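Here the structure is laid out as structure tokens; the discussion comes afterwards.
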Protein chains: 2
Amino acid sequence: MNQPNPVLTAPALRGSDPLERCRDLVTPALRGTVDRLHPDLARLAAYSFGWTEAAGGGGSGKSVRPALALLSAEAVGGTAEAAVPGAVAVELVHVFSLVHDDIMDGDERRRHRPTLWKAFGVGPALLVGDALLALAADVLARTPDAVALAAAGQLSGMLVDLSNGQAEDLAFEGRPWTGPQAVTLADYQRLALLKTGALLGCATGLGALLGGAPAEVVTTMTQFGRQLGVAFQAVDDLLGIWGDPAATGKPVFSDLRARKKTLPVVAALGALGPAATELAALLGTPHTDERALRRAADLIDAAGGRALAAEHARRHLDGARRSIDAAAVDPTAAAQLHQMVAFIVDRAH
Amino acid sequence: MNQPNPVLTAPALRGSDPLERCRDLVTPALRGTVDRLHPDLARLAAYSFGWTEAAGGGGSGKSVRPALALLSAEAVGGTAEAAVPGAVAVELVHVFSLVHDDIMDGDERRRHRPTLWKAFGVGPALLVGDALLALAADVLARTPDAVALAAAGQLSGMLVDLSNGQAEDLAFEGRPWTGPQAVTLADYQRLALLKTGALLGCATGLGALLGGAPAEVVTTMTQFGRQLGVAFQAVDDLLGIWGDPAATGKPVFSDLRARKKTLPVVAALGALGPAATELAALLGTPHTDERALRRAADLIDAAGGRALAAEHARRHLDGARRSIDAAAVDPTAAAQLHQMVAFIVDRAH
């Protein structure tokens, strides 16, 4: 427990790149599942998965969630193959949530391309999302496995969490920056668990479940994914303010421009002192000019919001790593999961 | 099989009104399920279910689908109580599909009220639909029953059908009225099975499954609901042209105004003769004045489209009734199902 992490240099015994190996296992199953859709839907789904462009912008994404499911199955002593339905379901839900969230948030670009609704219209994009969700539920219901019902329950419970998280996220927008109605760190933490923790926890929990782990190990592995998700969200929040636009694909200070109540801001506003006071006054009116946004970013930093968010990420990453070590029986898969943790946080996509 | 229907005057032995009895069983479970949502979502869901208005316009709907599930369970010798999770899931999916379809179709009014997206915005309405779908899957996954996995599979398979049906419906809009690319009766039939048959077939099939029926009886009861759905759609298509606006809540000739490729139109265009030729010419350009719409309706009638749609409905209703008689072991529930069939087609909501 809480050992120094021996992993970043560990040899990847089961193939050169675990992400690549997982993608090779999952992609055919994922494509076969999407092919069950009406050709019009399958075509738009392919765009969302990044399967349609030969070159430029797109790319097929990093398939981090499926890899977490497969490696979790191996970590508890099962086979990656057993977890493929879980990996497929989780990736379908991931893309479903991107497609619908982009409609709700009015986001026009993702991964350097127009979002699905922007490219094809709200109605078709909405329907593609629904179809991916239906497929996700169907993939698990058709798994010929004794734990299929428990797996279906993990997925559907996560879907309820995702919806409630998105509702809370929308509610955040209407709340003030300061005062008794302001978003607290506890509110933020609850949201991060629902929005980001639920899906990653489902990926690792489903992997452990389909890998044949007993209930308490499934719980620990679910916990691993949830902590990783919360850490990931904190890193994402940091990048949303201080990230390099070339790497994130979003404009500089994008989350400040969008007036999002992210962890660094919530933490900074909760601090006492002149920086927090000036920040609250600055946020009181919308700003789009880069000078004001830069000043807000500097104030968040000065008030300690940046450091607190980084510490929050670190703490949850440590927790995630401890969960791996507590649950894993296969050292190779455990090492690759530790690698994944580092990869996810470094790349923060 | 194919006996004269003895049912419309049958005494309702298990309570004065089967619809009311079913509603009393299902509503608390349905409300308890919706209460699991974020308060913002639960409030909008309540609007969609018609629970929020004390008087006027709204009303809580007729709960036909839950009643079909419960009565199907009783018809095969089970209890209505066993089928409550199925009834709840089916009603959640029904309202989900209304909410999302209204967004996709841009429909602004339903049941004499603004649609959810019109009243609260596209984003919130989209999210409520997603949440209802998640709850539907979760209700079945948490059913402590040996057949819960099969039930989850019935539901998820139906959800895939619904998405594919909606995609086909959208594709119909882009197809020409005549020529080799025109919508054929076979195309229409396939769409009706996916769009309307799938949900009602899921209601009756889930009811039979949760009622403890063997596989072949579940298949027959699924078939019953599918045929009923196809008949219902044909009646709905007739009302979309010739229905009384006071009863349907839609403007006169609404489906012609919206240029929908419904059964009477598809059948009329497929006929030979001067009426079909004049109809094709008339449909070639959009019309909104009532005189032209009335002329189109008359031509559809003259070309035999109205009679064919009525015959189509009749034939599928007969098939539905035969399926009830083939599968039912409980005469009271069977009689009430026959009553429901008559009710659904008479009211055609």
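The values are calculated or read from the model by the stated rules, or taken from the named source; none is laboratory data. The model shown is predicted, which means the values in this text are computed figures rather than measured ones. All Cβ positions, glycine included, derive from the backbone under ideal geometry; neighbour counts span all protein chains shown. Only protein heavy atoms, including side chains, enter the accessible area calculation; ligands, DNA and RNA are left aside. Shrake-Rupley method; radii C 1.70, N 1.55, O 1.52, S 1.80 Å.
Which value in nm describes the separation of the simple spin-label points at A:Arg291 and A:Ala186, placed 7 Å from the Cα toward the beta carbon?
4.1 nm
Through the Karplus equation 6.51 cos²θ - 1.76 cosθ + 1.60, θ set to phi - 60°, convert the phi angles of region B:298-305 into ³J(HN,Hα) values in whole Hz; use x for Gly and Pro.
Result, ordered by residue: 5, 5, 4, 4, 4, 7, x, x Hz.
Measuring label to label, 7 Å along Cα→Cβ, what does B:Ala307 give against each other copy in nm, shortest first?
Nearest first, the other copies' label points are 8.8 nm away.
Taking a quarter of the surface of the convex hull around the Cα atoms of chain B, what do you get in nm²?
Here the figure is 17.4 nm², rounded to one decimal.
Measure nothing but the geometry: give the 0 to 90° angle between the long axis through the Cα atoms of A:215-242 and the longest principal axis through the Cα atoms of chain A, rounded to 10°.
40 degrees
For a protection proxy built on the mean count of beta-carbon atoms within 10 angstrom, sort B:238-247, B:90-99 highest first, please.
Output ranking for B:238-247, B:90-99: B:90-99, B:238-247.
Arranged from highest to lowest average of other beta-carbon atoms within 10 Å per residue, in what order do the peptides A:193-200, B:133-140 appear?
Highest-to-lowest ranking by the protection proxy: B:133-140, A:193-200.
What would the Debye equation give as log₁₀ I(q)/I(0) for region A:233-293 at q = 0.14, 0.15, 0.16, 0.30 Å⁻¹, counting only Cα atoms as equal point scatterers?
Once normalised to I(0) and log-transformed, intensities are -0.39, -0.45, -0.51, -1.32.
Go through B:Glu173, B:Glu311 and list them by solvent-accessible area, largest first, probe radius 1.4 Å.
Largest to smallest exposure gives the sequence B:Glu173, B:Glu311.
Rounded to a whole number, what % of the accessible area of the protein assembly as shown do carbon and sulfur atoms account for, probe 1.4 Å?
55 percent
Shortest first and in nm with one decimal, please list how far the A:Ala171 label point sits from its counterparts in the other copies (point 7 Å along Cα→Cβ).
4.1
Just counting partner chain Cβ atoms within 10 Å, what average do the residues of peptide A:35-47 show around their Cβ?
Shielding by partners across A:35-47 averages 3.
Which distances, shortest first and in nm, link A:Asp17 to the matching position in the other copies, using label points set 7 Å out along Cα to C-beta?
6.5
As an exercise, use a Förster radius of 51 Å and the Cβ-Cβ distance of B:Asp17 and A:Glu108 to find the FRET efficiency, rounded to the nearest 0.05.
0.50
Percent of Cα-Cα pairs more than 20 Å apart in region B:263-341, please.
Looking at region B:263-341, the distances longer than 20 Å represent 49 percent of pairs.
Once amide H atoms are built 1.01 Å from N in the peptide plane, which residues 5 or more positions from B:Gly50, or in another chain, come under 5 Å H to H?
none
Once amide H atoms are placed 1.01 Å from N in the peptide plane, what residues at a sequence separation of 5 or more from B:Arg110, or on another chain, have their amide H within under 5 Å of its amide H?
Hits under the 5 Å cutoff: B:Thr115.
For the protein assembly as shown, taking Cα atoms only, what is the radius of gyration to one decimal and the Dmax to the nearest whole Å?
That works out to 27.2, 86 Å for Rg and Dmax.
Roughly how crowded by other chains is peptide A:162-175, in terms of the mean Cβ count from those chains within 10 Å of each of its Cβ atoms?
5
Going by alpha carbons, how many degrees (0 to 90, nearest 10) lie between the helix axis of A:84-105 and the longest principal axis of chain A?
In chain A, helix A:84-105 runs at an angle near 30 degrees to the longest axis.
What does the convex hull of the Cα atoms come to per residue for region B:159-249, in Å³?
Spread over its residues, the Cα hull of region B:159-249 gives 121 Å³ apiece.
With a 1.4 Å probe and all protein chains left in place, how much accessible area per residue does region A:205-318 have, in Å²?
43 Å²
How much accessible area is lost when chains A and B come together, counting both sides, with a 1.4 Å probe, in Å² rounded to the nearest 100?
For A against B, buried area totals roughly 3000 Å².
Express the Stokes-Einstein translational diffusion coefficient of region A:111-204 in µm² s⁻¹, to the nearest whole number, given a Kirkwood radius over alpha-carbon pairs, 25 °C and a viscosity of 0.890 mPa s.
156 µm²/s
Report the equivalent ellipsoid semi-axes for region A:149-307 in whole Å, largest first, defined as the square roots of five times the eigenvalues of the gyration tensor built from alpha carbon atoms.
Equivalent-ellipsoid dimensions as semi-axes: 34, 16, 13 Å.
Averaged over its residues, how many other protein chain Cβ atoms are within 10 Å of peptide B:104-111's Cβ atoms?
For this peptide, the per-residue mean of nearby foreign Cβ atoms is 1.
Once phi is turned into ³J(HN,Hα) by the Karplus curve 6.51 cos²θ - 1.76 cosθ + 1.60 with θ = phi - 60°, what whole-Hz value does each residue of region A:110-118 show in order, with x for glycine and proline?
So the J values, rounded to whole Hz, are 8, 6, 6, 9, x, 5, 4, 5, 5.
Can you tell me the orientation of helix B:148-173 relative to chain B, as the angle in degrees between its alpha-carbon axis and the longest Cα principal axis, to the nearest 10?
The helix B:148-173 is inclined about 10 degrees to chain B.
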